[in-house]
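Q: This is the structure, below, for whatever I ask next.
A short reminder: the numbers here are calculations on the coordinates, not readings from a lab. Source: prediction; values computed, not measured. When we count neighbours, we look across all protein chains shown, and the Cβ atoms used for this are built from the backbone with ideal geometry, even at glycine.
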Amino acid sequence: MKDYIKKYGLRVGAAVIAVVLVVVLATTLLNGRAGLFANFSGAVSSPVAQAASSAIEWIEGIYGYIYKYDQLVAENNSLRAQLAQAQQAAINAAENEEENQRLRGLLEFKEKHTDYVLESAKITEWSGSNWESTFRISKGENNATNPIDVGDCVITEYGALVGQIIEVGDSWCTVRTLVDSAIDVGALVGEAGAVGMCVGDFALMQQDQLRLTYLSENAQLVEGEAVLTSGRGSIPQGLIIGYINAVLSEGNGQSMYGVVEPACDLGSLSQVFIITDFVTQE
């Protein structure tokens, strides 16, 4: 309807005005004498004039509405564009703040561990399998500053263990996370530093947790205690694995094991760091 009025409205208005002009002209030519036509026109001119006036007002109103409508649409589009820009600016600010926090955390960690050689990498893809917890990163054999080997551990900027490298490609690596059912990491727990193993468990993997077991004799587990790496293999000692959130029994109550909540939030990771080399503690 709006498009029709915009296209044909002027023609309708012109026709109405033409009718009014014909009536006025005919009256003028008769020099004021009321002939047959004048009598007839006199009877109809007033209603026609009123109708013409109403039609013109209606047309003006429609055009005014169309103008205001188009103006509102333009303003709405402008506001939408401004809102999109503001939202993008907020996203960029949040990302910058997150990056700044990550860099501050990494700087503090590197100051404490000058013996670590670190390689940063972005997470590019998570495995879609329900049977494993792995992801790929953006560094590999040909594009890493420092050589990456299978077994190298992967951490956050705060030194929390994320997992281990299990495959090295030209420009990518596959990382097995610490909750994968195939993981096994030497662990220290408690003030006495009881030795144990953090191992993957398929049921716990679905909850992003792992099992602390194979504990040294007389080891005591307490909920809330931190679990650290023991330094076995290619993983340095003292990295935070997570915290015990449950202590349970197994083997008909003959032994205990802990359920460990990782210190890192796997679901929020976007960037990680590979420890490609470190000084082994004696």
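Q: Could you give me the ³J(HN,Hα) list for region 138-144, computed from phi with Karplus coefficients 6.51, -1.76, 1.60 and θ = phi - 60°, whole Hz, x at Gly and Pro?
A: So the Karplus estimates, Gly and Pro as x, are 8, 10, x, 5, 9, 10, 8 Hz.
Q: For an R0 of 35 angstrom, estimate the FRET efficiency from the Cβ-Cβ distance between S120 and N218 and round to the nearest 0.05. Each step should come with its number before you reach the end.
A: On the way: r = 42 Å, r/R0 = 1.19.
The value I calculate is 0.25.
Q: Here's a follow-up. If each of M256 and A74 carries a label point 7 Å out from its Cα toward its Cβ, how far apart are those two points in nm?
A: Taking the two extended label points, one gets 7.6 nm.
Q: Now a separate question. Quick one: net charge around G224, please, counting Lys, Arg +1 and Asp, Glu -1 for every other residue with C-beta under 15 Å from its C-beta.
A: Working: positive: none; negative: E191, E223, E225, E261.
For residues surrounding G224, the net value is -4.
Q: Please give, to one decimal in nm, the separation of the simple spin-label points placed at A86 and L248, each 7 Å out from Cα toward the Cβ.
A: Between A86 and L248, the simple spin-label model gives 5.0 nm.
Q: While we're here: Using Cα centres only, tell me the gap between region 208-256 and region 177-196 in whole Å.
A: Centre-to-centre distance over Cα atoms comes out at 5 Å.
Q: Continuing with the same structure: Please list, in chain and number order, the residues 5+ apart from L210 or on another chain whose amide H is under 5 Å from its amide H, with Hs placed from the backbone.
A: Excluding prolines and chain starts, which carry no amide H, the hits are V260.
Q: Pulled fully out, how much extra length does the chain show between Q237 and S171, if you take 0.36 nm times their separation in residues and subtract their Cα-Cα distance?
A: On the way: separation 66, 0.36 × 66 = 23.76 nm, distance 2.84 nm.
Between Q237 and S171, full extension yields 20.9 nm more.
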